[in-house]
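A quick write-up on the structure given underneath.
What follows draws every value from the coordinates through simple rules; no lab data is involved. Because the structure is predicted, anything quoted here is derived from the model rather than measured. Cβ coordinates were reconstructed from backbone atoms using ideal geometry, including for glycine residues, and neighbour counts include every protein chain displayed.
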Amino acid sequence: MGRLSYYRRVFAAYLTPASSQLTFWHDLPDVNTHSFSQLLGEYYMSFVQKADYSTVDHSGIPVLDYRGEIGRQHNPIAIAQWGLGNFNLFQRDRNPLHRQKFLLAADWLVHELEPNSHGIPVWNHHFDWEYRSTLKAPWYSALAQGQGISLLVRAHQHTRESRYLFAAERAFQSFQLPVEQGGITYTDPAGNIWFEEYLVSPPTHILNGFIWAAWGVHDFALATGSSSAASLFDRAAQTLLANLARYDLGFWSLYELAGLPLPMLASPFYHRLHIAQLRIMQRLTGQVEFQDYADRWQRYAASSLKRTRALALKSAFKLCYY
């Protein structure tokens, strides 16, 4: 797939209202206040629009149409989010259709968990993807591992079927190992631990993917009582606290920390997502610093001057690197 054609589609998805293969990802970022009423209740974001996604295969599993050479594909992250959205809806309305869908997603995750080249169980993406360089299929992601676990432990809590928890335990192995050993973690020179959405070298520390992955670790700790998982989540929270200033440009947030001469700003969607994620991190950890950054970034988003500046630099980044 050509990089130019790929990034034209990305640009259209971010900056125009036209439907695209990325439309699935861009629902309204929110804090699901229902999720904090009980342990392992509703997921921390609503994913209501994603729950209604209707492009599915013959088994009823969502497929995303990436068009071009990639075409229609199962994406484990999308399937987990679709399942979590339907789990949330079922918790509210007890509609058996929503139950059927979230368990369908959980069953798919159980079936599709497979060993990587190091023998570590992962959810693979079976298509090439352009990022800093081409991620050759099959490739896996901390984001998929975390959100897959978040759905599986909820399926286990609802059904008490051991296969869901067993799959979650297998998937959690990836969080306990560094990238070079088949895991999805990276420890930086300062001792901070990161969960990498894309496994590239040097690592780029994509903010939204790191936070979503960390919630999977948190949910696993809640489901199993694992002290090592709880400690790992605490370390991830401390990594985030220690590095949030690096994502703050003083007028907008960064998407990643790739160390490029021109930084990659978050799109308006991802900036809003960061704000919601930080508000949720405050609820999960009690750390007021997360709320402080969320409030600051909300003020950036409310400023037309800052939004314009961010859009200009985002466009310059695309011209330089895409």
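Structure above, values below:
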read-out	value
q = 0.07, 0.12, 0.16 Å⁻¹: log10 I(q)/I(0) that the Debye formula gives for the chain, counting C-alpha atoms only	-0.25, -0.81, -1.58
Charge-dipole axis of the range 3-321 as Lys and Arg at +1 and Asp and Glu at -1 on Cβ define it, positive-most pick from H74, V288, Q38	V288
Cut-off 20 Å, label 7 Å out along Cα→Cβ of R72, residues of the range 23-66 by amide N	23-25, 50-66
Which of I79, I70 has the fewest Cβ neighbours within 10 Å, and the rest in rising order	I70, I79
Local electrostatic count at S201 - Lys and Arg +1, Asp and Glu -1, tallied over other residues with Cβ under 11 Å	-1
10 Å Cβ shell holding at most 11 others, DSSP loop, trypsin sites (Lys or Arg not before Pro): longest site-free stretch of the chain	161-322
Selected from N208, A106, W129, residue furthest toward positive end of dipole (the range 102-249; charges at beta carbon)	A106
Residues of type lysines that K318 reaches as a straight line, Cα spacing below 28 Å, ignoring anything fewer than 8 places off in the same chain	K50, K136, K306
Ranking of Y198, Y140, Y44 by count of other Cβ atoms within 10 Å, fewest first	Y198, Y140, Y44
For the chain, built as a Gaussian network whose Cα springs stay under 10 Å, the top-fluctuating residue of S46, S162, S267	S162
Neighbour-count ranking [beta-carbon atoms within 10 angstrom, fewest first] of F317, F127	F317, F127
Spin-label model distance (nm) - R309 vs S227, 7 Å beyond Cα toward Cβ	4.8 nm
Choice from F269, F220, F210 with maximal GNM fluctuation in the chain (Cα, 10 Å cutoff)	F269
HN-Hα J in Hz across the range 182-190 - Karplus 6.51, -1.76, 1.60, θ = phi - 60°, x for Gly and Pro	x, x, 10, 9, 9, 10, 7, x, 7
For the range 133-148, 3J(HN,Hα) per residue [Karplus equation, 6.51 cos²θ - 1.76 cosθ + 1.60, θ = phi - 60°, Hz, x = Gly/Pro]	9, 6, 7, 7, 5, x, 10, 10, 8, 4, 5, 5, 4, x, 6, x
Label-point separation in nm, T55 to R283, each point 7 Å along Cα→Cβ	3.0 nm
Per-residue [θ]222 nm for the chain (sum of -39500 (n - 2.57) over DSSP H runs n ≥ 4, rounded to 500)	-17500 deg cm²/dmol
Gain on full stretching of the segment that runs from S133 to Q238 - 0.36 nm per residue minus C-alpha separation	34.9 nm
Amide H partners (placed H, <5 Å) of W139, local residues excluded	H125, F127
Between the range 125-164 and the range 222-251, the alpha-carbon center distance in angstrom	20 Å
